[in-house]
1. Normalised by the empirical 2.2 N^0.38 Å for globular proteins, what value does the Cα Rg of chain A take?
2. Students sometimes get this wrong: rank B:W672, A:W280 by accessible area, probe 1.4 Å, all chains present, largest first.
3. Restricting things to alpha carbons, find the Rg to Rh ratio for the stretch B:414-457 using the Kirkwood radius for Rh.
4. Can you pull the one-decimal nm distance between simple spin-label points at B:Q576 and A:K17, each 7 Å off the Cα toward Cβ?
5. Using a 1.4 Å probe on the protein heavy atoms only, what accessible surface does A:S273 show? Give it in Å² to the nearest 10.
6. Kirkwood Rh, Cα Rg: Rg to Rh for the stretch B:378-572?
7. Ignoring ligands, DNA and RNA, how do A:R194, A:R81, A:R335, B:R542 rank by accessible area with a 1.4 Å probe, largest first?
8. Efficiency by 1/(1 + (r/R0)^6): what FRET value for A:K240 and B:F511, r their Cβ-Cβ distance, R0 = 60 Å, to the nearest 0.05?
Amino acid sequence: MEGLESIQKDAQKELEKISNLKDLEAFELEFLGRKKGRLTAVLRSLGTLSDTEKRKVGPKAQILRKDLEGAIKEKKSSLKRGDIDSRLEKEKIDITYPGLKDPRGHLHPITKVRREVENIFGAMGFEVASGPYIETDFYNFDALNIPEEHPARDMWDTFWLKGMTYALRPHTSPVQIHYMEKHNPPFRIIAPGRVFRQEATDASHDFDFWQLEGLMVGKNVSVKDLKYVLETFMSKFFGKKVKLRLRPSFFPFVEPGFEVDISCVACVAKGCSVCQKTGWLELLGAGMVHQNVFAAAGYVRGEYTGFAFGVGLDRLALMKYKIPDVRHLRTSDIRFLKQF
Amino acid sequence: MRFSYLWLKELTTKIPPPQKVEELLTMHSFQVEGVSKAGKDHIFDIDILPNRTSDCSGHIGVAREISVLAGGNLKLPKNTIKTSKTKIADKLSLSLTSKATKRYVAGMMEGVSIKASSKKIGDRLASCGMRPINSIVDATNYLMLETGHPAHAFDYDKLEGHKIDVRPAKKGEIMETLDGQKFTLTPKDIVIADAKGPIAIAGIKGGKRCEIDNNTKTVVFEVASFDRTHIRRTSREIGLATDASIRFSRGIPSTSLDTAMMRLLALASETSGGTAAMRLLDEEHKPIKHAPVLVHLDYVNRLLGVDIKESESLDILKKLGFLVTKDRNGIYKVTPPEWRMDIVYEEDVSEEIGRVYGYDKIKPEVPHAPMTHVAEDPEHALLERIRDHFVARGFTEVQNYSFEPREGLFHEADTKGRVEIENPISEEYSHLRPSLVPGLIKNIEDNIAHIKDPRFIEVGKVFRMGSKKPQEEMHVAAVMVGHKKDDGMFFRAKGVVETFFEELGVSDVWFDDKDIELGWPMAPKSMFHPYRSAYIGSSDARIGAVYQVHPTIDLDLSIIVVELAVPELVHVVEDQIEFTDIPKYPASLRDIGILVNRDVRVDDVVRVIETAGGELLVDSDLFDYYEGDNLGPDEKSFAFHLVFQSSKKTLTDKEVSESYSNIEKAVLKEGWTIRE
């Protein structure tokens, strides 16, 4: 019978040299193999020994077996780890290779701006309303305190439909009337939508474009409410504190009527090329709803007050994204649209 | 309109420097669009609001405004007139038969000598943008720039019958203006006529026949006030707008016409040295009475959101020339001055108080308003979901013009019922679009050079003529493009639609190609590839279509279109998503290959399989489709994964085989072949 000491010594020596799983398998077979393992042989021969010998050799042999088993297990896992490492190294990729993209579509910049506007006003309790594009004179003008042949009608270059009394709405204000015919105050609405003007196009004018109407009506709505709502909207929309300036203006459906300037968002009211060195940007028209408009919508004259405003949604988009020409908004050029 | 700083300065006791004037007017009256230097003078370019033309289209009006804002007083020019013994009535007769003429005042001046105006008058006219002509015409223009009253001068000796008739034009009457243009008039127009015919189109332009020339000795002057709507209409219909017509179209006060005439006679006598005939001819229709406006100062404060003291409000009104009295109930009766034709309502008075007080002093404040229900329009919400769904699948949103040319991409037969624009911007945009599709096809063509796989979606309105009135409808169309002979794109598009309805929780959706004429606002059938088109159905409505564009429309590309009819779609959206239990027992998979005739459709085969498979067959999934080389020309082959599963137990092999063989039997019964 082989001595435990020589087995242990050999095992130790050989194990150190093993560098792959295959050799380790052979090693395991050599010492612990069920049939021919050297230590297995010792363990199997224990039965032939005297009790004294058995007591002396038995526990030692068992300890050696456990040690060997442990060492093999440990060696195996370390070999495996090394094996994975080398395999993974071969899988190395160039992570600067461009990403593989799913086709990406883009919302139109007007849609993005419109949603933002709707969210800001929505948080202030404004509902989104809408109305038809094709209108009669009543909604386009008469109900808005612009009677037939009134000089103020010249303020809107309207597209007329051939052979009919209908026209395309030149502003979103008709939505005020449609809404008020169906609802009673108090309410707050905005109405984003397309409007049409028969005028030559240039970098800041188009003949088919977007406007945003706003209307708040109640028992005691005043100019200071208008100022608050518009100032809050502008500040949130442009992401900075914006100041408002009201100047006298004239729109037949409001009285008093205002031209609303905002402090220049490009230079923060210091004066730059965007605001032509004035520090102010003329941005929208507003005013307190004319009682004739309330009367046309069926309200009792003098019962309510309200403010209304109208702003070019295109203009807001141009300012937000620094687009120099409004006509870009009506092109389908993917090189433009994919920027948003 | 242009105004001279030095001229304004002459008309008020107190005027701040030009820059301050600009600021005062812009913040309290109307916008000064620009200030330019002209020698020692500054010229303001002021955008006089339409409602302020009646009082501020002359220097006196603007000087009055400055006086109020700067705390000065108006200083009116003094008139010196030499008068002769000639009585105007002996030399000239005036008749007023035009009902649209409020008042007509004629004056006469004899012994004038026509020459060039003085440097002062010439410079002032020029700096306000008017060309000096001669001393008489210049006097009329100077009057207009000073007072806002347009005036006209006729050569008395050229007046046939020495009479002036202010009357409606006769039908077809022709009028030749000073610059030689000829206009044909209608009874809706007003003319100034003598015994022979028209000598001026009232309120717009004078005629050649009675023009002032170098030999003119005796002049007849006119100042007048016409119904603004008449002047506006005539000006628009004959296509002629003048400095006079702009003022008359917006309204000119008639009370001060005699004062204006006296001023004109003084100016003419200064420039041309004549003597005025005694008296004026003055005919009037409707004397304007200014009704007082009832004003509640507490309402004014509430409307403006400020607390202006009563005394301050009254002071503002008085300075502006309003007459204010208080009635027994503490309500003010406010009578506007005759030059303010725009003050009718209490709100008009509020504006006067507010603007002079200063809108800057109104502080923004969080509104105290009751909470209200904010309703969401289901159509609006649905359109947003459609945009998001398509954009997430690579479609880019476009917004094309609502206009298109008469000849679109449609067949001639399909162009009926288009809505035509009376006054289009150009031929290219002469009709309202009846469909989104032609625009989107053009978008594809325009972009194919820049992008491999263009996909576009548009959400917008389309239009057509209804029986009585034009119709408009919100519509959705999306396009994508495949390569020639590649029909895979059709199914990609169909897949986009299918996942959309899954997202919406609409399970009751099918595709069919029977009777595919869908009607407006879908594109007409002539746009569809006859064998690659399907409509989308749900319950009893047709809610859209998926189709390849007919190759005659576009030969180079194969374009696939999805259209969705928005109003119908709103009705089928249920958002009914309900939990079903996740299977506890494993599924068994079997595959089956079936060879069928080319006419047999996937749907037909699926129906046979699912009927025969019974309740154990939970899904049948087409994973391969083949026609070609190894098959006969009329054959095609399908391969399905069949999924068998029970919610109650693990199925045995026997149970699965039984169900599977039922399917096999049913397939064979149809005369189809099972491929091994």
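The values are calculated or read from the model by the stated rules, or taken from the named source; none is laboratory data. Quick caveat: nothing in here was measured; it's all calculated off a predicted structure. No Cβ is skipped: glycine too gets one built from the backbone with ideal geometry, and neighbour counts run over all protein chains shown. Heavy atoms of the whole protein, side chains included, go into the accessibility calculation; ligands, DNA and RNA do not. Shrake-Rupley method; radii C 1.70, N 1.55, O 1.52, S 1.80 Å.
1. Values: Rg = 42.4 Å, N = 340, 2.2 N^0.38 = 20.2 Å.
Relative to the rule-of-thumb radius for its length, chain A sits at 2.10.
2. On the way: B:W672 30, A:W280 70 Å².
Result of the area sort, largest leading: A:W280, B:W672.
3. Values: Rg = 13.7 Å, Rh = 12.4 Å.
The Rg/Rh ratio comes out at 1.10.
4. With each label placed 7 Å out from Cα toward Cβ, I get 7.9 nm.
5. Near enough 100 Å² of accessible area.
6. Over the Cα atoms of the stretch B:378-572, Rg/Rh equals 0.94.
7. Values: A:R194 5, A:R81 140, A:R335 115, B:R542 85 Å².
Putting A:R194, A:R81, A:R335, B:R542 in descending order of accessible area: A:R81, A:R335, B:R542, A:R194.
8. Details: r = 51 Å, r/R0 = 0.85.
Here the calculated transfer efficiency is 0.70.
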